[in-house]
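Structure first, commentary second.
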Amino acid sequence: VDADGTRVFALDAQAGTTEFEPGVESETWGFNGSLLGPTLVADRGERVRVEVTNSLEEPTTVHWHGMHLPAEMDGGPHQMVAPDAAWSPEWEIDQPAATLWYHPHPHGETESHVAMGLAGMFLLHDEQERALGLPADYGVDDVPVIVQDSGFSAAGAREDAQRGYAGGLGDELVVNGTRRPHLEVADELVRLRLLNASTARSYAFAWGDGRPIELIATDGGLLEASVPLEHVRLSPGERAEVLVRMAPGERVMLQSRMTPEIAGLEPAVAAMNGGSDSFDVLELRAADELRPAASVPSTLTEIQDFDPAEVVTTRHFELGDSFEINGDAMDMGRVDETVTVDTLERWVVENPNAVPHSFHVHDVQFRVASVDGEAPPPELAGWKDTIFTEPETEYELLMRFDDYADADTPYMYHCHLLWHEDQGMMGQFAVV
Ligand code: C2O
Ligand code: CU
Ligand code: CU
């Protein structure tokens with residue numbers, strides 16, 4: 001924290017190597033190290049500044065995914081940082097406690113920069129969340145779980161096991177940069193912050209012993225109450241906070257068990273796109289004696305619904321089948337939508353294709369008002385910034401662009417399957 005109370009972080013994008021398997025060095029990129037980046041933590045109301053430097057040999061950017069902030073600070077494709085250059089965005093944290101993340105966003109290169117290892121978590125806390133007494137001891141009972149699929153060959157270069165419609169798929173998982181990980185647990189109650197930081201693969205997280213997944217938060221913060229689910233489906237970019245209760249000495253495996261049905265795919269299409277793949281993700285191993293947990297309040301937060309009667313503008317976004325949105329591929333020089341500041345908007349996102357996408361909007365957290373005209377399921381009832389858009393399905397999203405008008409600098413909306421994004425499945429909106 002500097003003299004005027006700003007919380008200052010430093011991130012240096014750099015190349016290095018990682019030994020995923022003993023004796024095999026892979027070239028990887030990271031922030032302040034050779035893979036991934038530090039977890040940044042800030043409080044609601046705090047002013048933050050991130051001193052970004054680029055020690056790579058090519059330009060990149062750092063985007064704060066899920067963050068409400070001025071467009072110039074957003075780290076999208078217009079905020080390129082040249083090799084050896086620096087960039088210091090600064091903003092005030094003005095949103096509820098949440099699990100956000102950061103990653104590069106250079107137009108046309110996002111998939112490769114993320115696949116090389118550039119990503120990290122950005123956790124926000126607030127007083128209301130603290131008062132709940134949820135597990136909050138970072139790395140002990142409050143644990144980041146960054147899930148990526150990788151194909152690191154013996155020669156050390158990244159190789160995709162498969163390239164289907166979704167993009168490059170690795171045939172092995174790394175969690176927080178580690179293969180076949182486990183977590184020693186000394187607490188009865190553990191909070192996992194799941195982040196799908198994969199470039200293309202979607203997951204259906206479930207417990208190996210069949211216990212329900214206790215979902216407490218989605219992209220933009222806490223749900224009103226925890227939701228027991230058979231599985232939590234996350235497309236690239238999405239996050240979920242879950243609680244798990246451990247018994248002394250117990251072991252339980254977090255898995256991903258995707259099925260064509262969960263992926264919304266025809267079985268033949270699923271086979272080419274990871275839609276029927278299962279993985280062990282992370283094993284939890286409880287100690288013989290566990291610290292008891294406080295009880296979790298039945299109401300976690302209150303989420304005020306937007307009033308649809310206040311919608312000022314309705315926009316339609318049709319996801320194309322060859323990487324366009326509303327018929328156009330991304331053009332850095334074209335602003336597609338102009339939003340009036342401090343108004344409520346309805347974005348109707350339609351996926352008419354036979355394959356899913358992952359629709360993400362910068363700057364805001366939105367609410368899902370309906371899925372094909374029906375009320376959303378409980379896991380979509382909270383704040384979201386990225387949503388798995390199933391084939392032949394229409395989503396009605398409500399969002400308010402509170403402030404930060406800037407006619408000169410657009411924000412992005414795009415498919416978070418990063419290959420699709422790189423191919424042009426992205427558009428720009430300005431808030432004026
Ligand atoms: Cu996580 Cu525009 O990105
Ligand atoms: Cu984003
Ligand atoms: Cu897509």
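The values are calculated or read from the model by the stated rules, or taken from the named source; none is laboratory data. No experiment lies behind these values; they were computed from the predicted model shown. Virtual Cβ from ideal backbone geometry, glycine too; neighbours counted across all protein chains shown.
Of all residues in segment 215-263, which are within 22 Å of residue 202 (Cβ to Cβ) and of a type in the set (S, T, N, Q)?
Matches in segment 215-263: 218, 235, 255, 256, 259.
Return the total of residues in segment 351-396 being more than 13 Å from ligand 3 (Cβ to nearest atom), part of a strand (DSSP E or B) and over 27 Å from residue 214 (Cβ atoms).
Within segment 351-396, residues that are more than 13 Å from ligand 3 (Cβ to nearest atom), part of a strand (DSSP E or B) and over 27 Å from residue 214 (Cβ atoms) number 3.
Yes/no per residue for (1) within 23 Å of residue 218 (Cα to Cα); (2) surrounded by fewer than 17 Cβ atoms within 10 Å (Cβ to Cβ); (3) not hydrophobic (A, V, I, L, M, F, W, C):
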residue: 53; (1), (2), (3): no, no, yes
residue: 65; (1), (2), (3): yes, no, yes
residue: 76; (1), (2), (3): yes, no, yes
residue: 89; (1), (2), (3): no, no, yes
residue: 95; (1), (2), (3): yes, no, yes
residue: 98; (1), (2), (3): yes, no, no
residue: 109; (1), (2), (3): no, no, yes
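Can you list residue pairs whose Cβ atoms sit under 8 Å apart, with the first residue in segment 315-332 being in the same structural domain as residue 105 (by TED's automatic domain parsing) and within 17 Å of residue 395 (Cα to Cα) and the second being surrounded by 13 or more Cβ atoms within 10 Å (Cβ to Cβ) and of a type in the set (A, V, I, L, M, F, W, C)? Count only pairs 6 or more apart in sequence or on different chains.
Nothing qualifies.
Taking residue 361, is it touching a residue at least 24 places away in the same chain (Cβ under 8 Å) and under 16 Å from the mean Cα position of the chain (by Cα)?
Yes, satisfied.
Only one residue in 359, 323 is more than 16 Å from ligand 2 (Cβ to nearest atom) and among the aromatic types (Phe, Trp, Tyr), so which one is that?
On the way: 359 fails: more than 16 Å from ligand 2 (Cβ to nearest atom).
Being more than 16 Å from ligand 2 (Cβ to nearest atom) and among the aromatic types (Phe, Trp, Tyr) holds for just one of 359, 323, which is 323.
Find the residue count for segment 380-413, including only residues that are at negative phi and within 16 Å of ligand 2 (Cβ to nearest atom).
Qualifying residue count for the region: 15.
Can you tell me which of (1) in a loop (DSSP other than H, G, I, E, B); (2) free of Cβ contacts under 8 Å to residues at least 60 places away in the same chain is the one residue 34 doesn't meet?
Condition (2) is where residue 34 drops out.
Take segment 200-237 and flag every residue that is in contact with a Phe, Trp or Tyr (Cβ under 7 Å, 6 or more places away or on another chain) and outside any strand (DSSP E or B).
Selection gives 200, 202, 219, 220, 231, 235.
Going through segment 414-432 one residue at a time, which ones are among the small types (Gly, Ala, Ser) and either within 13 Å of ligand 2 (Cβ to nearest atom) or within 23 Å of residue 112 (Cβ to Cβ) (or both)?
In the first step, residues of segment 414-432 are kept if they are among the small types (Gly, Ala, Ser); the result is 424, 427, 430.
Correct list: 424, 427.
Assess whether residue 422 counts as being buried (at least 18 other Cβ atoms within 10 Å of the Cβ) and either within 13 Å of ligand 3 (Cβ to nearest atom) or not assigned by TED's automatic domain parsing to the domain that holds residue 113 (or both).
Considered against the rule, which asks whether it is buried (at least 18 other Cβ atoms within 10 Å of the Cβ) and either within 13 Å of ligand 3 (Cβ to nearest atom) or not assigned by TED's automatic domain parsing to the domain that holds residue 113 (or both), residue 422 comes out as yes.
Whether any residue in segment 112-119 is within 17 Å of residue 41 (Cβ to Cβ) and assigned by TED's automatic domain parsing to the domain that holds residue 44 is what I want to check.
Yes; the residues of segment 112-119 include at least one that is within 17 Å of residue 41 (Cβ to Cβ) and assigned by TED's automatic domain parsing to the domain that holds residue 44.
If a residue counts only when it is under 25 Å from residue 3 (Cβ atoms), which strands (runs of 3 or more DSSP E) contained entirely in segment 46-140 have at least 3 such residues? Reasoning before the result, please.
Numbers: elements: 47-54, 63-65, 90-92, 98-103, 120-125.
Qualifying strands (runs of 3 or more DSSP E): 47-54, 90-92, 120-125.
Return the total of residues in segment 100-136 being within 13 Å of ligand 1 (Cβ to nearest atom) and in contact with a strand residue (DSSP E or B) (Cβ under 7 Å, 6 or more places away or on another chain).
Here the count works out to 15.
Condition first: of a type outside the set (Gly, Ala, Ser), out of contact with any Asp or Glu (no Cβ under 8 Å at 6 or more places or on another chain) and closer than 18 Å to residue 309 by Cβ. Now tell me which residues in segment 366-387 satisfy that. If you could, list the steps in order and put the result at the bottom.
Here is the first cut: in segment 366-387, the ones of a type outside the set (Gly, Ala, Ser) are 366-368, 371-372, 374, 376-380, 383-387.
From what's left, out of contact with any Asp or Glu (no Cβ under 8 Å at 6 or more places or on another chain): 374, 376-380.
Answer for segment 366-387, where residues must be of a type outside the set (Gly, Ala, Ser), out of contact with any Asp or Glu (no Cβ under 8 Å at 6 or more places or on another chain) and closer than 18 Å to residue 309 by Cβ: there is none.
Out of curiosity, is residue 340 surrounded by fewer than 18 Cβ atoms within 10 Å (Cβ to Cβ), among the polar types (S, T, N, Q) and more than 16 Å from ligand 3 (Cβ to nearest atom)?
On the way: surrounded by fewer than 18 Cβ atoms within 10 Å (Cβ to Cβ): yes; among the polar types (S, T, N, Q): yes; more than 16 Å from ligand 3 (Cβ to nearest atom): yes.
The answer is yes for residue 340.
Residue under question is residue 426, and the condition is that it be more than 19 Å from residue 330 (Cβ to Cβ), in contact with a strand residue (DSSP E or B) (Cβ under 7 Å, 6 or more places away or on another chain) and within 16 Å of ligand 1 (Cβ to nearest atom); does it hold? First the steps, then the outcome.
Details: more than 19 Å from residue 330 (Cβ to Cβ): no; in contact with a strand residue (DSSP E or B) (Cβ under 7 Å, 6 or more places away or on another chain): yes; within 16 Å of ligand 1 (Cβ to nearest atom): yes.
Against the criterion (more than 19 Å from residue 330 (Cβ to Cβ), in contact with a strand residue (DSSP E or B) (Cβ under 7 Å, 6 or more places away or on another chain) and within 16 Å of ligand 1 (Cβ to nearest atom)), residue 426 does not qualify.
When you scan segment 372-389, do you find a residue that is free of Cβ contacts under 8 Å to residues at least 12 places away in the same chain and within 25 Å of residue 197 (Cβ to Cβ), even just one?
We begin by selecting, within segment 372-389, every residue free of Cβ contacts under 8 Å to residues at least 12 places away in the same chain; these are 374-377.
With the extra rule that they be within 25 Å of residue 197 (Cβ to Cβ), the set shrinks to 376-377.
Yes - at least one qualifying residue is present in segment 372-389.
Inspect all residues belonging to segment 217-235 and state whether any of them is buried (at least 24 other Cβ atoms within 10 Å of the Cβ) and within 16 Å of ligand 3 (Cβ to nearest atom).
Scanning segment 217-235 turns up at least one residue that is buried (at least 24 other Cβ atoms within 10 Å of the Cβ) and within 16 Å of ligand 3 (Cβ to nearest atom).
Against the definition (aromatic (Phe, Trp, Tyr), outside any strand (DSSP E or B) and either modelled with pLDDT of 95 or more or away from ligand 1 (no atom under 16 Å from the Cβ) (or both)), how does residue 306 come out, yes or no?
So residue 306 fits the description; yes.
Answer yes or no as to whether residue 296 is among the β-branched types (Val, Ile, Thr), in a loop (DSSP other than H, G, I, E, B) and surrounded by 16 or more Cβ atoms within 10 Å (Cβ to Cβ).
Answer is yes for this residue.
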